[in-house]
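Working notes for the structure below.
What follows draws every value from the coordinates through simple rules; no lab data is involved. Given the structure is predicted, the values throughout are model-derived calculations rather than measurements. Methodologically, a virtual Cβ is constructed for each residue, glycine included, from the backbone with ideal geometry; neighbour enumeration extends over all protein chains shown.
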Amino acid sequence: MKDQVVVIGAGVMGRGIAYVSALGGYNVSLVDVSSEVLQNAQVEMDKNFDKGIVRGKLTKKEAEEAKQRLNFVTNVEEVATEANLIIEAVPEKRELKKNIFETIDAIAPADCVLATNTSTMSPTELGSYTNRPSSVIAMHFFNPVHKMPLVEIVRGLETSDHTVQVVEEAANKMGKETVLVNEFPGFVTSRISCLVGNEAFHMLQEGVATAEDIDKAIKLGLNYPMGPLELADLVGLDARLNNLHYLHSQLGEKYRPAPLLEKYVKSGRLGRKSGIGVYDYREKK
Ligand SMILES: NC(=O)c1ccc[n+]([C@@H]2O[C@H](COP(=O)([O-])OP(=O)(O)OC[C@H]3O[C@@H](n4cnc5c(N)ncnc54)[C@H](O)[C@@H]3O)[C@@H](O)[C@H]2O)c1
């Protein structure tokens, strides 16, 4: 693949994808509707470059070169016309993603691959909003992107072998391992993670154990690196609830969101990003 990557959405995921893309040698344009978000993204990415140097993961020269390859813009039309790979990372809302795919399909070069970082949505459906469904695919990165080694690649009904090959190579250049999944709601990872996380909320609601002990049991007894409740706080309880609503609609009763999760989201307890979720992070700030 040639070397122009455009990442749309500079939130939690988009800034991480831009960071690993720049380190992978790509010229990267990170796009967001908000210039404030772009500024925050740049500050956070700079901190990650610094931490990477301190921890010996990259040299000062590599960090400087990667920074030079990064460009921050508010208008996708300025950069999509030159792109070889576009990775969409805007919030999980159908209308929003539909709009983005229609827009980029109209302006990106004919051989540009269009990828989505969706957690649950259908790349087949997103492909149907374009005139190039064979070039549409999901590249599902994990949070935090610079630390998590996997990209789950999800091929839609019409996705070509060539498109799969392009994104596998790109993910490898970004330092990631890949798995290839045929599209089905929740792929592999969201389907399992949502089920386990929802069950943990049911247990908390039933008073089976404290949040700390549920997480400790799963970490030390089942050898998970994080407990399901602390992971839900990291993902964002609103994002988790959205995913569960979608999986419930597609896969049935076993994904009905736990009432306690619904209650937390209604009260504004959204996890780390709001300072409080299952756990309270406000004092640790
Ligand atoms: N957060 C996670 O742990 C996680 C993990 C894997 C996948 N995902 C998926 O990644 C996607 C993004 O999630 P996130 O957590 O980074 O969201 P986020 O809310 O942190 O960031 C989304 C960004 O998109 C921007 N945006 C909105 N409309 C836009 C537009 N039209 N053009 C350009 N930018 C626009 C917003 O300003 C925001 O900065 C979602 O599909 C989500 O399901 C999230």
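Some notes on this structure:
- Legend: residue pairs 147/173; 60/273; 67/273, Cα-Cα distance threshold 19 Å; pairs beyond threshold, 60/273; 67/273.
- Between the beta carbons of residue 182 and residue 98, assuming R0 = 25 Å, the FRET efficiency works out to 0.65 to the nearest 0.05.
- Net lengthening on full extension, residue 148/residue 35 (0.36 nm per residue, minus Cα-Cα): 38.0 nm
- Report summary: the helix-based calculation at 222 nm, which adds -39500 (n - 2.57) for every DSSP H run with n ≥ 4 and divides by the residues of the chain, gives -14000 deg cm²/dmol.
- Unsatisfied cross-links (Cα-Cα over 26 Å) in the set 176/216; 51/266; 47/176: 176/216; 51/266
- Among 74-83, 17-26, 204-213, the order from most to least packed when residues are scored by Cβ within 10 Å on average: 17-26, 74-83, 204-213
- Residues of type aspartates and glutamates that residue 61 reaches as a straight line, Cα spacing below 17 Å, ignoring anything fewer than 8 places off in the same chain: 46, 50
- Ranked by the mean number of other Cβ atoms within 10 Å of their residues, highest first, the peptides 135-141, 54-60 fall in the order 135-141, 54-60.
- Paramagnetic reach from residue 199 in the stretch 234-276 [backbone N under 16 Å; point 7 Å along Cα→Cβ]: 253-258
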